[in-house]
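The values are calculated or read from the model by the stated rules, or taken from the named source; none is laboratory data. In this text, all values refer to a predicted model and were calculated from it rather than measured experimentally. No Cβ is skipped: glycine too gets one built from the backbone with ideal geometry, and neighbour counts run over all protein chains shown. These accessible areas exclude ligands, DNA and RNA; they are computed on the full protein's heavy atoms, side chains included. Shrake-Rupley method; radii C 1.70, N 1.55, O 1.52, S 1.80 Å.
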Amino acid sequence: MDIFKRFDVEKDTQKANNLEVKEKVKCLIIGSGPAGYTAAIYASRANLNPVLYTGLEMGGQLTTTTDVDNYPGYPHGISGSKMMEDFRKQAERFGADIRFGIATSVDFSGKIHKVTFDDNKIIEADAVIIATGATAKYLGLESETKYAGMGVSACATCDGFFYKGKDVAVVGGGDTAAEEATYLAGLCRKVYLIVRRNELRASKVMQNKVFKSGNIEVLWEHQTVDLFGNDGVEGATLIKKKGTTHEEIVKIKIDGFFLAIGHTPNSIVFKEYIETDKVGYIRTIPGTSKTNVEGVFAAGDVQDPHYRQAVTAAGSGCMAAIDAERYLSELK
Ligand code: NDP
């Protein structure tokens, strides 16, 4: 590397390490899914001049789904990406300041909350709304990526409708898998439930629903190793355990492959200050968006292990903005 280039690199590194870039805002929103944008719409209209940082995946999980048919107000459905673009534009119309950046550390020890973005910009805020969402877990197969949006989905409620009358598979053995398999059984011809052990983790009530359904076949002790198909998913290759030493390769024909092996709430950066459950979902005071830290609120999937819908996330974003507004008015 020549000396000038090295100088540039050193300057960039210094800049990156320089945490002196500070800004003070009234209301900071972290996350750009339905919860974050809805909070931004309400907070802007309440004159809180919110600054919203989008995170890495601008628009959140909905941008990875195909059409959204269950959000009220869109009688003909809408693509997830378009819907999130509309949310963003609506927030901007009322003056929300939307920026790209990732929260890399926080300090919620004082009355003024500090959040560092991209390791080099500190935002000080009187109120913070955490709306960082959750990330569905995938098996890690190359074919999952290849068929993303072409037969692979992590949300049966969002995408199940497209598989009406077809054969699908759900992977997982927890409540989500049981719930999604039961939901899909009402729409599809056949549902395979692929379970890696010889028992379900799901609650007894949910298990009974699975066992009572006439068109769910549970494939016990099966693991998915590949998906195949020309224009999208046409089948899956599984390995069935036989005793402790033997394995058998099984191929099933399916049009849709649904992951239901859990979600990871994006709360890790806050965990030193914000109380979560054992999975990492932020705990809020029931009926509110308040966390254990005064002036810090949580909305959307990062605090919701149960519903995880765009419409419920948007509703909780609205609650968070109203809670933040009340908190700020009492601060004065
Ligand atoms: P869970 O963590 O409860 O279950 C995940 C399931 O996926 C487990 O059966 C697990 O298998 C399986 N799994 C994990 N990794 C893999 C893998 N690599 N390959 C194959 N299988 C895998 O997640 P859920 O999303 O089901 O539930 C999360 C929480 O939300 C739970 O507390 C649940 O009770 C709750 N919930 C409640 C609902 C309700 O009350 N209506 C609805 C949905 C969720 P294994 O069992 O072998 O570990």
Quick calc: nm separation of the 7 Å Cα→Cβ label points for SER203 and THR135 -> 2.9
Where only alpha carbons of the stretch 18-86 are counted, the Rg and the Dmax (Å): 14.5, 50
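If r is the Cβ-Cβ distance from LYS89 to ASP118 and R0 is 22 Å, what FRET efficiency results, to the nearest 0.05? Walk me through the intermediate numbers first.
Values: r = 24 Å, r/R0 = 1.10.
Calculated transfer efficiency: 0.35.
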Applied in sequence order to the stretch 164-173, the curve 6.51 cos²θ - 1.76 cosθ + 1.60 (Karplus, θ = phi - 60°) yields integer Hz couplings, x standing for Gly and Pro, of 4, x, 9, 9, 9, 10, 10, 9, x, x
Under the rule a/c < 1.5 gives rounded, and otherwise a/b versus b/c splits prolate from oblate, where does the stretch 138-259 land using the Cα gyration tensor? oblate
Tell me, what is the per residue accessible area of the chain in Å², probe radius 1.4 Å? 52
Here the stretch 180-197 yields Karplus 3J(HN,Hα) values (6.51, -1.76, 1.60; θ = phi - 60°; whole Hz; Gly and Pro given as x) of 5, 4, 5, 4, 5, 4, x, 10, 9, 6, 9, 10, 8, 10, 8, 10, 7, 9
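Given charges of +1 on the Cβ of Lys and Arg and -1 on the Cβ of Asp and Glu, with all other atoms neutral, how large is the dipole of the stretch 23-98 about its Cα centre, in debye to the nearest 20?
Details: 7 positive and 8 negative charges, 66 e Å.
So the dipole magnitude of the stretch 23-98 works out to roughly 320 debye.
With +1 assigned to the C-beta of every Lys and Arg and -1 to the C-beta of every Asp and Glu, and no other charges, what is the dipole magnitude of the stretch 199-332 about the Cα centre in debye, to the nearest 20?
Its charge dipole is roughly 420 debye.
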Phi angles of the stretch 280-288, converted by Karplus (6.51 cos²θ - 1.76 cosθ + 1.60, θ = phi - 60°) into ³J(HN,Hα) in whole Hz with x for Gly and Pro, give x, 6, 5, 7, 10, 5, x, x, 9
Pairing rule first: another cysteine's C-beta must sit under 4.7 Å. Under that rule, which cysteines of the chain stay single? CYS27, CYS188, CYS318
Could you tell me the calculated FRET efficiency between PHE100 and LYS332, based on Cβ-Cβ distance and R0 = 22 angstrom, to the nearest 0.05? 0.10
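Please go through the residue pairs LYS22/LYS111; LYS146/LYS251; LYS82/LYS111; LYS241/LYS278; LYS166/LYS278 and name each one whose alpha carbons sit more than 28 Å apart in this structure. Mind dumping the intermediate values first?
Details: LYS22/LYS111 16 Å; LYS146/LYS251 19 Å; LYS82/LYS111 38 Å; LYS241/LYS278 31 Å; LYS166/LYS278 37 Å.
Violating the 28 Å limit, Cα to Cα: LYS82/LYS111; LYS241/LYS278; LYS166/LYS278.
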5 Å is the cut-off here: which amide hydrogens, built 1.01 Å from N in the peptide plane, fall below it relative to LEU219, excluding neighbours closer than 5 in sequence? LEU193, ILE194, VAL195
Taking Cα centroids, how far is the stretch 70-103 from the stretch 141-196 in Å? 27
Under a crude label model (7 Å from the Cα following the beta-carbon direction), how far is LYS241 from GLU272 in nanometres? 4.0
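Averaging sequence separations of C-alpha pairs under 8 Å and six or more residues apart, then dividing by the length of the chain, give the relative contact order as a whole percent.
Working: 750 pairs, mean separation 65.9, N = 332.
Computed over the chain, the figure is 20 percent.
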Note to self: C-alpha centroids of the stretch 206-264 and the stretch 271-324 sit apart, in Å, by 33
Size of charge dipole - the chain - debye, nearest 20, with Cβ of Lys, Arg +1 and Asp, Glu -1, no other charges: 560
For the chain, give the percent of accessible area contributed by carbon and sulfur heavy atoms, probe 1.4 Å, rounded to a whole number. 51
Note the direction-averaged projected area, equal to a quarter of the hull surface, for the Cα convex hull of the chain, in nm². 21.8
What residues qualify as long-range amide H neighbours of VAL128, i.e. H under 5 Å apart, gap of 5 or more or another chain, H built at 1.01 Å from N? LEU28, VAL296, PHE297
Quick calc, TRP220 & HIS306: beta-carbon distance into FRET formula, R0 35 Å, rounding 0.05, result 0.85
